[in-house]
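Read the structure below first, then the notes.
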Amino acid sequence: MLYPELFKQLESVRWDMDKDIPWASFDASKLSDEQAQTIKMNAITEWAALPATEMFLRDNKDDSDFSAFMSIWFFEEQKHSLVLMEYLRRFRPELVPTEEELHEVRFEFEPAPALETLMLHFCGEIRLNHWYRRASEWHTEPVIKQIYTQLSQDEARHGGAYLRYMKRAINKFGNEAKTAFAKVGVLMASARRTAQALHPTNLHVNKNLFPRDTIQSRLPNPEWLEHWLDTQIRFDAVWETKVVERILHNLGLLLNQRFNSVQELNRYRKEIGKEVASTALPEPQVKPA
Ligand SMILES: [Fe+2]
Ligand SMILES: [Fe+2]
């Protein structure tokens, strides 16, 4: 079981909402309306850990270790939402999201293969770590800069915890896990070649609710994410490359391979696919009587 060890590790570095945020250093002259608006949107997207946790618990019914870890992840993600709301409550109370706005991002995700979802969230944490690092640089008000730095470090630790579960999955499921991780890795590391930001909150997760079946589509301003990335925090090709490199580096360590590009990962994905196909048991032939 990984849960007891992860609990200990994450508990030992956990920050305190009152003591570790330098609330007294707030400088009103350094926070623009535009910047404050983006904090509201991030507070709502962090709240989306709620439906994600409901999905994780539903799709991992046979895995009590991972489900127990969800209690830590869920707590920390809700705390991210809360600290952003606390900032707004103190300094821009008119921008605190309403309970209805928060509840709007709670909707059912369709069941999905657990291994693919795990990899998807691993990549999501890496991406968010980089987005928040950029957000911290973009903001000018010292308290919110510090908050985004704290959040980015938490996201990196979440990625590390998911990676532990991925390692465990490879030991348990072998090629089935490798196939799932390589497949989602190719998708998530290809963001530069798609128009859309690839993060779990930006993926369609329930076709019955289409097009309102992404977290981003249910925000008060659904166009916000692209604007935040392109013109506000300016998450450019240099930063995008850092995300891709981190995904490829970690996946390389996990799979004992070296991936210098998404193309190389894709090649590996195809090779593993062939291996799986050649070792699969032939379909039983049922002859009509
Ligand atoms: Fe978070
Ligand atoms: Fe996270």
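Just so you know, all these numbers are worked out from the coordinates, no wet-lab data involved. In this text, all values refer to a predicted model and were calculated from it rather than measured experimentally. Glycine gets a Cβ as well: all are built from the backbone with ideal geometry, and neighbour counts include every protein chain shown.
Some observations on this one:
- Cα-Cα pairs of segment 36-132 separated by more than 16 Å (percent): 59
- By the beta-carbon count within 10 Å of each Cβ, the least crowded to most crowded order of THR38, THR98, fewest first, is THR98, THR38.
- Net dipole in debye of the chain [+1 Lys, Arg Cβ; -1 Asp, Glu Cβ; about Cα centre; nearest 20]: 1080
- Short-range pairs are left out: with C-alpha atoms under 8 Å and at least six residues apart, the relative contact order of the chain is 20 percent.
- Other residues whose C-beta falls under 10 angstrom from the C-beta of ILE170 contribute a net charge of +3, scoring Lys and Arg +1 and Asp and Glu -1.
- Ranked packing of 19-27, 198-206, 251-259, most packed first, by mean Cβ within 10 Å: 198-206, 251-259, 19-27
- Pairs of alpha carbons in the chain whose separation is greater than 32 Å (percent): 27
- Count Lys and Arg as plus one, Asp and Glu as minus one, and take only other residues whose Cβ is under 11 Å from that of GLU141; the net charge is then +2.
- For segment 1-93, dividing the convex hull volume of the Cα atoms by the residue count gives 92 Å³ per residue.
- Cross-link table LYS30/LYS145; LYS40/LYS242; LYS8/LYS242; LYS183/LYS274, entries beyond 22 Å C-alpha to C-alpha: LYS40/LYS242; LYS8/LYS242
- Helix-only CD estimate at 222 nm, as mean residue ellipticity for the chain, using -39500 (n - 2.57) per DSSP H run (n ≥ 4): -21000 deg cm²/dmol
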